[in-house]
Amino acid sequence: MSKPIYELVDQLPTGGITVRALKSLDFIVPGQWQNLVGFDNTIRAVTGETDEALIQQIGERAITLFNDKSEGYQRALWLYQTVDSASGMLGTAALAGRIGQDVSFLGILKHLTPKPEKLQSLDLCVKLVVELVAFCQINGIPGDSIGDFLAALGDYAGESLMRMAALTCFDGLIPLGPSFIDQALSVLKQTSPSELEKNQTFIGVNELIPGSNSSGKLKFITESFESTQGWMSSFVSNNGLTRERVLDNLQKFVDVSKDKADYVGAFLDIYVKYYEHTGIQTLARRLIERSVAEI
Amino acid sequence: MISPRWRKALTALMLSLVLIVSACSSQEPSRYSQIQEETSGRNAPAAVADEAVQGSNFNQFFPRSVAGYDIVPYQEKNGFAEYKVNQDGKNVAMLAINDTTGTPAAAKFQNSEMSIAGYPAVEQGQNATAILVNDRFQVKVLSRDPAFTKDDRAAWIEKFDLAGLADLS
């Protein structure tokens, strides 16, 4: 049993590396993400209601829905938490004790190892698939057609859009450079099911990826990546995103060195838990939206 | 050697210190502790009744393609479906249908003196208007922008296929 949902939302940090790294992406999705924390705060912000009795009622329904495992919310939480910790596990043991502390990039540089491109490419693909699977766990498959489903995905806003911006920048553009989409897809196509089985990020979330075996799961990951690559490449081009620009902005919030982009990727991988942070915010928002409508 | 009087005083001091420390460290219980307790045990009741209609059955009754607005699917869960209403890319309202079976949601309509499209209706809080169809299905419109008023909510409720929903059982 996970922690109560209201505690998870109440305990979201208001500062630290994850929050600062996400704030550095505000230039891409201006005003979309305000780091909304606190369960009651989220209820007020989402619904615009102020009556305490009504807030209590909405909160109670949200907690009831979250606690019912068959509703899928706990699986989504698990996915968001696991994909972050599994990909960050590659950080060396020397850094393990420092997670959660405010570390300096240069201070730990000697312990960082850039992740091999193949591994990073697979991580990117697995994380994207986790987003799709978590989306379905939280929202079901809304609408009556594939077009409806894509419209629902395309309507990403707020913390969900921020998570996708972070995925694009922190797991794509910074560690892999401008051709990260093509590169990830070509790596994916050369990956065998047995190689996939050895990927830490995949191991972490394996059981919730659709497919009866690793080969079926690899197929699902490839198809999902292929169908969302268009979205990602227009996201990059519409926003004029370059590694340089992202790093410039990141440097304003987090102490990193621009000339060591590979190492910045490894650093972000270990210390920035953006999936879990924004994932809990997404979960809370969707639960509250459902609850206020159902009561 | 400590005199018995001092020992007594010291014990009292230590005791009060223990009390102060434990009082500070124990958090006030959350306003949600009780519901957490009731819904998280092994025998906790299901959040949605088994006989509730699947959300996918509700899609057909939502208004679609209203001039000037985009209506985007948002959630489709057990006993529940919801759509977003966007205007120029901005979310201005939410539309929802849910099956109230097994929840207390239908009770608020019992003393309602208001009606919309012939169904009992209520205003809930500042941003929601709801009706109850067939004593079972709640149709709710929620404002997400101050410009989307109470009157807009009532007008949008009428855009649902309410007769179709009433035939669903």
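Across region A:1-28, what is the number of residues that are modelled with pLDDT under 95, within 14 Å of chain B (Cβ to nearest Cβ) and either surrounded by 15 or more Cβ atoms within 10 Å (Cβ to Cβ) or touching a helix residue (DSSP H, G or I) at 6+ places or on another chain (Cβ under 8 Å) (or both)?
Residues flagged as modelled with pLDDT under 95, within 14 Å of chain B (Cβ to nearest Cβ) and either surrounded by 15 or more Cβ atoms within 10 Å (Cβ to Cβ) or touching a helix residue (DSSP H, G or I) at 6+ places or on another chain (Cβ under 8 Å) (or both) within region A:1-28 amount to 2.
Given the condition surrounded by fewer than 24 Cβ atoms within 10 Å (Cβ to Cβ), facing chain B (nearest Cβ under 10 Å) and assigned to a helix (DSSP H, G or I), answer yes or no: does some residue in region A:155-173 qualify?
Among the residues of region A:155-173, at least one is surrounded by fewer than 24 Cβ atoms within 10 Å (Cβ to Cβ), facing chain B (nearest Cβ under 10 Å) and assigned to a helix (DSSP H, G or I), which makes the answer yes.
Among the residues of region B:103-124, what is the count of those that are in contact (Cβ under 8 Å) with a residue 40 or more places away in the chain and touching an Asp or Glu at 6+ places or on another chain (Cβ under 8 Å)?
From region B:103-124, those in contact (Cβ under 8 Å) with a residue 40 or more places away in the chain are B:103, B:116-117, B:119; that's our starting set.
When the remaining residues are screened for being touching an Asp or Glu at 6+ places or on another chain (Cβ under 8 Å), the result is B:103, B:116-117.
Result for region B:103-124: 3.
I'm trying to understand the selection: among the residues of region B:75-109, which are away from chain A (no Cβ under 11 Å), assigned to a loop (DSSP other than H, G, I, E, B) and modelled with pLDDT of 95 or more?
Once the filter is applied, which keeps residues that are away from chain A (no Cβ under 11 Å), assigned to a loop (DSSP other than H, G, I, E, B) and modelled with pLDDT of 95 or more, region B:75-109 yields only B:T101.
Could you pull out the residue among A:Q190, A:Q200, A:Q183 that is farther than 21 Å from A:Y274 by Cβ, away from chain B (no Cβ under 14 Å) and in contact (Cβ under 8 Å) with a residue 24 or more places away in the chain?
Values: A:Q190 fails: in contact (Cβ under 8 Å) with a residue 24 or more places away in the chain; A:Q200 fails: farther than 21 Å from A:Y274 by Cβ.
Answer to the check: A:Q183.
Tell me, which residue of region B:128-169 that is of a type in the set (D, E, K, R), out of contact with any helix residue (DSSP H, G or I) (no Cβ under 8 Å at 6 or more places or on another chain) and surrounded by fewer than 22 Cβ atoms within 10 Å (Cβ to Cβ) is nearest to A:A293 (Cα to Cα)?
Just the residues of region B:128-169 that are of a type in the set (D, E, K, R), to begin with: B:135-136, B:140, B:144-145, B:150-153, B:158-159, B:161, B:167.
Remaining after also requiring out of contact with any helix residue (DSSP H, G or I) (no Cβ under 8 Å at 6 or more places or on another chain): B:144-145, B:150-153, B:158-159, B:167.
Then keep just the ones that are surrounded by fewer than 22 Cβ atoms within 10 Å (Cβ to Cβ); that gives B:144-145, B:150-152, B:158-159, B:167.
Working: B:R144: 12, B:D145: 16, B:K150: 16, B:D151: 18, B:D152: 17, B:E158: 17, B:K159: 17, B:D167: 22 Å.
Step by step, filter region B:128-169, then rank; the result is B:R144.
Are any residues in region B:110-127 more than 13 Å from chain A (Cβ to nearest Cβ), in contact with a helix residue (DSSP H, G or I) (Cβ under 7 Å, 6 or more places away or on another chain) and not in a strand (DSSP E or B), and if so, which ones?
B:A117
Kindly indicate the residue of region B:88-102 that is within 17 Å of B:P146 (Cβ to Cβ) and in contact (Cβ under 8 Å) with a residue 40 or more places away in the chain and also surrounded by the most Cβ atoms within 10 Å (Cβ to Cβ) among those meeting that condition.
Result: B:M94.
The values are calculated or read from the model by the stated rules, or taken from the named source; none is laboratory data. These figures come from a predicted structure and were not determined experimentally. No Cβ is skipped: glycine too gets one built from the backbone with ideal geometry, and neighbour counts run over all protein chains shown.
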